[in-house]
Structure formats: C-alpha cells, structure tokens
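Here, each number is a calculation from the coordinates, and none is a lab measurement. Remember, predicted model here, so these are calculated numbers, not experimental data. Quick reminder, even Gly has a Cβ in these numbers, built from the backbone with ideal geometry, and neighbours come from all protein chains shown.
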Amino acid sequence: MRTVATGAEAKLFEITSSLRASSDGYYALHYHFSRLQEEFRSDYQIKIAINVLSDLFKGLDSVLFLLKDFDIVVLYNGTNRGLLEKAIFQLRYLFMDDALAYTDDGYENEDFCSVYDLEFQWRDFFVSCKRKLGKDIEEVEKKQRQQTKDVIQSPKGGRSKLHIFSPSYLVQIIDELKNIEIGSCLRSQPVCAVLRGKEPKIIFKEVYTNIKNLQKLLSLNVDLMSSKTLFKYLTKILDKKVLNALKQQELSNKNPISINLNVKTLFSEEFAEFDSQIAQKHKSSIIIEIHIADIFEDIQKFLVAQKELQNLGYRICLDGLDSESFMQIDRKNLGFDLAKLSWNPEMGTKTSKDKSLIEAINKCGKNRIILCHCSSKEAIDFGKEVGISLFQGRYIDALTNPTAKVIN
C-alpha cells in the first residue's frame, strides 16, 4: 500500500478524476476521523490507524490518503469485499470508545466510514470529494484551467498549441487510443557494448512509444507528458497496445529487444497472450524494463512478477535510476538481471559521493549496468573508467548510425 500525506487532497482529486474512465474493480473507504473527539484524534492514534490499514492492504493495489483534517481515504483495486469489512471493523474497534464508532445504545455508527463501489458510485464519491476538499480542490481546478490557457507554441507548420493534460481530457484520449495503430509510433534505440579500440556493437534495442508522434494522431492538442499522474495511467493502456503490436512481429534471438512495462501489465491477459505466442527459445532475447518508481509502489507484487518472468525465460532490467537511487538498490534482494543508470555530468567528480557510486557499481556488477542518456563522449569515458561497457543515448545513436534523420 502506498501512503500519501503531503498534498493528499490534490492527489486524491487527480486520481479520482482519472478513474472516471475506468473505475471497474475500484473501491473507496472514507474514514471520517475529523469527527472524532479531540482526545481520540492524536497523531499517535492516527498513526496506529494508518499502520493497521497498511498491514491489511500490504502487497495490494491500494493507496491511502491522509487529509489535513485527519480524515483517511483508501482507494483499493481488487475483489475482496471481506477485506473492506475487516478494515472497517478493525479501525472501528480501535476507536470504540468514541461515539463516532458506536452509538450510545451499542450499534455501529454509520457515520464512522463511507464505502463506495466506484464502478457504480464514482460520481457520488467524486462529488463527495469535491464537497469535502473544498478550497483545496478549487485551487487545483483553478491551476488546471490556468495551465490549459498557457499554451506551448509549436514550430511553424505544426499544430498551433498543446494544452496541459488535465482530467477533463482523459476520457476522450482513452477512447481515441482504442482506434489508434500504435505500430506507427514505435521507435527503437540501441544499447551497445563499447570496448576499447573497437566499434560499438549493438547488444539489443529498446522498443518504445514516441509520445510526440502519438500526440499528432490525437484530435486533441494535449501535451501528454505534462501530468505525470495521468500519463502514468495512460501507460497501462499503451503497454497493452504495444504488446499487441509486437506479437504480430517476428521476434528472434537475432534481434534482441527490451520493452518498458508496468508491473500491473505483467499480470494482464494481454501479456499472457503475448507470452503464449513467443517461442521458448526466443524469450531470453526479450528484456522487460520496469521503472524503479513502479517497483516500489508495490514491491511484493514486483517480486512475484520477477520470479515468474525469469522462470519463463525473460530478463529484467531496472529503469529510471539516477545516482542516488542506484546506490540504494540491492540486486540480490530485487533479483534483476540488468540496471539502467542515468548519466549526468556530475558523475566522475572524485567526491566522496562519487566513491559511493563506484562502490555501488562494483556491488551490482559492472557487466549488468547500462549507462543511459549518454549525450557526450564524456559519458562514455566515465563509464569505461569505472568498468561499465554497456551504453545507450544519443551519442551512441550517432556512432552507430551517423546519417540517421530521426533523433531518439
């Protein structure tokens, strides 16, 4: 379970808005703890309540929001209604001495917690959120309206403007994506081995969706990357379209590829169908890239997927690592095969921080690290100095295909 405390009101509103298009299987629990007597509403007691919920929903697709007035909202995606009842019962028992939990005659107080089945009650919950969050939501909506007015001018000959991606656009974009042929938006970028005195050798190619091309296929002029939360939601839909496009192509050991997928996608019917159409001998040539932020949203779910993928024959690559996050990961615990470390010019400065990075590189295994976003020779020089031999980025693109007109 993920917990959101800072900016919880705005985040709850944004996520709830995004669920309008696909709320099947989602439930919301709204604990009205702002109505507790002051003696039962201490930071300590609220923290206990959060810990109880975190234990109950551990490893499940769920988010807890701690609002400014001590109300708690839980969004849960699953089918276990009994778990919801248990979550209400345990917290009701925790606050049993308060009249909010039980009435004077010993009956359960319905005002303690509101339950919403979002497949049927999304609008009720959304209206409740807007009414509850009041000024916080007014500020969010005001900001979204202002962002929509602030347009990004495109080059001459292109479409006139790109609007900020807000929840109001989400439903239409999802509808349009259903009919878009994603294959025309797929690009590839090589990952190469660069050894001293030798030309770069392509080891595999990362297949990805070019978002600028995708935006041109939409009737709405929307900058899909301008909202991380909404774009994250869209990637789950894009994952499935990419898998459908790839299963129609001939994949073999001669053309190894990597694809970036959400953890949730790995449990989908689309991935199962994709897997069923890949010959066993070719699965080792497919690398599944998973972003580090997605992994830590539900690490238990990732570990289940990691074990299953590797049993099937696929390899796993951690993506989205900067020098700080790279130093925090442990390959033995996470069980990945490769890791992408993003280059930045501050690397190689001979500071104590840099020494810690080199120690982390050695611990992970130099031959398992891909230095990515390499935009200059300086990046390659640093990589070689610390023993890294796998590289990705525009500088590598230029070395392998100097006449290319397309820029990744």
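Note down the relative contact order for the chain as a percent, whole number, built from C-alpha pairs under 8 angstrom at least six residues apart. Before the final figure, lay out the partial values.
On the way: 584 pairs, mean separation 51.1, N = 408.
Dividing the mean separation by the residue count of the chain yields 13 percent.
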Original post:
With axes computed from alpha carbons, what is the tilt in degrees of helix 118-133 against the longest principal axis of the chain, rounded to the nearest 10 within 0 to 90?
Top reply: 80
**OP:** Using the structure shown, list the pairs from K201/K247; K205/K241; K281/K340 with a Cα-Cα distance above 23 Å, or answer none.
**Re:** K201/K247; K281/K340
Subject >> Helical mean residue ellipticity (222 nm; -39500 (n - 2.57) per DSSP H run of 4+; nearest 500) of the chain >> reply: -12500 deg cm²/dmol
**OP:** Whole Å is fine, so just give me how far the alpha carbon centre of the stretch 297-314 lies from that of the stretch 1-16.
**Re:** 27
Subject >> Neighbourhood net charge (10 Å Cβ-Cβ; Lys/Arg +1, Asp/Glu -1) for L75 >> reply: 0
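Looking at the stretch 183-400 only, what percent of DSSP beta bridges run antiparallel? Nearest 5 please. Kindly include the intermediate steps, with their values, before the conclusion.
On the way: 10 of 31 bridges.
Counting DSSP beta bridges with both partners in the stretch 183-400, the antiparallel share is about 30 percent.
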**OP:** Could you check what % of the DSSP bridge pairs in the chain are antiparallel, to the nearest 5?
**Re:** 55
**OP:** Any aspartates and glutamates with Cα under 15 Å of the K58 Cα? List them, leaving off those in the same chain fewer than 8 positions away.
**Re:** E297, D298
Subject >> Kirkwood-based Rg to Rh ratio, the stretch 183-400, C-alpha trace >> reply: 0.96
Subject >> Folded to 0 to 90 degrees: helix 228-246 orientation relative to the chain principal axis, Cα >> reply: 50
Original post:
Which peptide among 203-210, 276-283 comes first, and what is the full order, when sorted by highest mean count of other Cβ atoms within 10 Å?
Top reply: 203-210, 276-283
Subject >> Inter-site label distance for A404 and S325 at 7 Å from Cα along Cβ, in nm >> reply: 2.4
**OP:** Let me know the charge dipole size of the stretch 183-400 about its Cα centre in debye, to the nearest 20, where only the beta-carbon of Lys, Arg (+1) and Asp, Glu (-1) is charged.
**Re:** 460
